[in-house]
1. So what's chain A giving for Cα Rg divided by 2.2 N^0.38 Å, two decimals?
2. Test of understanding: what is the full-extension gain from A:PHE220 to A:ARG173, defined as 0.36 nm times their sequence separation minus their Cα-Cα distance?
3. Neighbour counts of other C-beta atoms within 10 Å: give me A:TRP252, B:TRP247 arranged from fewest to most.
4. Excluding same-chain pairs closer than 8 in sequence, count the lysine pairs in region B:8-145 whose Cα atoms lie under 26 Å apart.
5. Calculate one ³J(HN,Hα) per residue across region A:64-70 by plugging θ = phi - 60° into the Karplus curve 6.51 cos²θ - 1.76 cosθ + 1.60, and present them in order as whole Hz with x for glycine and proline.
6. Kindly provide the pair-distance distribution of region A:236-303 built from C-alpha pairs, with 5 Å bins from 0 and whole-percent values in order of increasing distance.
7. Scaled to the compact-protein estimate 2.2 N^0.38 Å, what is the alpha-carbon radius of gyration of the protein assembly as shown, rounded to two decimal places?
8. Out of all DSSP beta bridges in chain A, what portion is antiparallel? Express it as a percent rounded to 5.
Amino acid sequence: MRNSVIKRIAKEAGKKKDIFLITGDAGFGVLDKYKKLFPERFLNLGVAEQNMIGIAAGLGLTGFKVFVYNIVPFVLYRCYEQVRNDICYQNVPVTLIGIGSGVTYSPQGVTHYSVEDIALARTLPNLVIFSPSDPIEAVKCVEYALSSKDPVYIRIAKSGEPVIHNRKVKDIRSPVVLNEGEGVAVLFHGSVSTEVISALEGVRRRPKAISVPMLQPMDFDSLGRKLKDIHTIITVEEHFSEGGLGSIIAEWIAGRGLDYRLIKLGIKNEFIHEIKNNAGMRSHYGISSEAIKETIGRAYENG
Amino acid sequence: MDSYKLQDTAKKIRRLIIEIACRSRSAHVGSSLSCVDILTTLYFHAMNIDKRDWKNRDIFVLSKAHAAMALYATLACKGVISKKKLFGYMQDDGTLPAHLDRFTAQGIEVSAGSLGHGFNIAIGMAYGYKLRGDGRRVFTLIGDGESEEGSIWEGALFASRLKLDNLTVIMDRNDLQGYGRPSELCYFEPMEDKWKAFGWKALRVDGHSFIELKGALKGREKGKPKVIIADTTKGKGVPFMEDEMKWHYFIVTDDLREEAMRYLCR
């Protein structure tokens, strides 16, 4: 996804003089082409994240459309207060591109995971939050950011994620139905989408599969329309099961007094000491295709 | 503007600070008074600030934003904000908050309040204008306590590498922070040497001398950002507040207001 994202930014930079890309010492092999094409609109601000976000905000205030590229902990955690005060409070149209969503980088260790980023980003008013499921959605997120006057956060995995959409994504702001079905709906975001898609293969009853790329603000009207004839919602995310999409849906159901059963699949809220690869980690925390398939089966039985 | 006129203006700004501090029962009176002469020199001498040519104005970022009263009073004196707006400072349903919100008034370039933020934003702005070939300058005032923040030194490393000779940083070196003196809390000095070692043009002046401030603000060294360490006295201008840590927090009662005004009306 990261290559599609940077390619799209570079394409725009060729047309518009106000596109600017900042990295905090990340992007080897990914940003090289952009850097070569637009050296005057590229900065590597090193291992100094507070300064990086402050400068991004300052450039934004002078009219540049700034993209900041780094792994999630270094666009959101280390510099949370700068993102809060300098970008979101001042409502400067800076786009944060966070790489390594969820446990993409396992087994690098907890310092390199981003299993609570959506929970954190949701505390920031003005911030638009995206978690695209595939490169097609990722490019759409960049296009949204390019025309947005608000700050944007785009969380992506790394590279090599397959395309899951077989049709054009018309509106990235709304949940997208990938697969029709009834009774049960699976809502998901991010690269764990591949687990959901493979879970749908060979199930006895196919649930409705809905990708939810924009998590804040959430288009509940559109979502509600897509959830007619549904009794059980399963949320799947490579994020803590609390604080992300599952929580957003739970708050919506409770707040509106809706009649859905909700099953939240996600990573247990704990510091991860397991040493496993990405697939192993997904199995361990119950967000693998097998676990999703089993949950779908049970949802129909209990429905 | 000549130094006598600047002195009169600074006195007027100090009186406004005492007035709004008293009306609002606001803290940070000492922090505001210490930088008045610096702000006066900037707004009434060094910076290009003209309401009729607002688009081309120089930019001032108050990074030590707890001294917001000093900026509000200066902007009111300059005619950028109205007296009505000024007197709505920290009132219930008022106009101006204790720390800066750029959406509240003209002339508030950057929202700030947490230390070690405005400085880095100012670096970004200076770089942005430079890239655009826009000749305006960017000034920012940082505190000495604020300079304990890591973000200040992150920015110091990069601003010189970016050759920001359109950026001037002034440090309000009053040697008093919230609960101690920088010189006692950490290995603070030698400040000029530290900035020089980071690739900056560094100067040290008496932060209450208009002649010295004017001289230091003049000119630029090509390819280098400038820092002016301005030695100041917290609470400057009101003798019973000068160099007293409690005036980081104490409020100006009606009686103290009268007493302060006696010094500031002379």
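None of the figures in this text is laboratory data; all of them are computed from the coordinates on show. This structure is a prediction, so every number in the text was calculated from the model and none was measured. As a convention, Cβ positions derive from the backbone with ideal geometry for all residues, glycine included, and neighbour counts pool all protein chains shown.
1. 0.98
2. On the way: separation 47, 0.36 × 47 = 16.92 nm, distance 1.05 nm.
Residue separation times 0.36 nm, minus the Cα-Cα distance, leaves 15.9 nm.
3. Details: A:TRP252 17, B:TRP247 24.
Fewest-to-most ranking of A:TRP252, B:TRP247: A:TRP252, B:TRP247.
4. Lysine pairs, 8 or more places apart or on different chains, close enough: 29.
5. Using θ = phi - 60°, the values come out as 7, 9, 9, 10, 10, 10, 5 Hz.
6. Reading the bins upward from 0: 3, 16, 22, 22, 19, 10, 5, 2, 0.
7. Working: Rg = 27.1 Å, N = 569, 2.2 N^0.38 = 24.5 Å.
That works out to 1.11 for the protein assembly as shown.
8. Working: 6 of 44 bridges.
Antiparallel bridges make up about 15 percent of those DSSP assigns within chain A.
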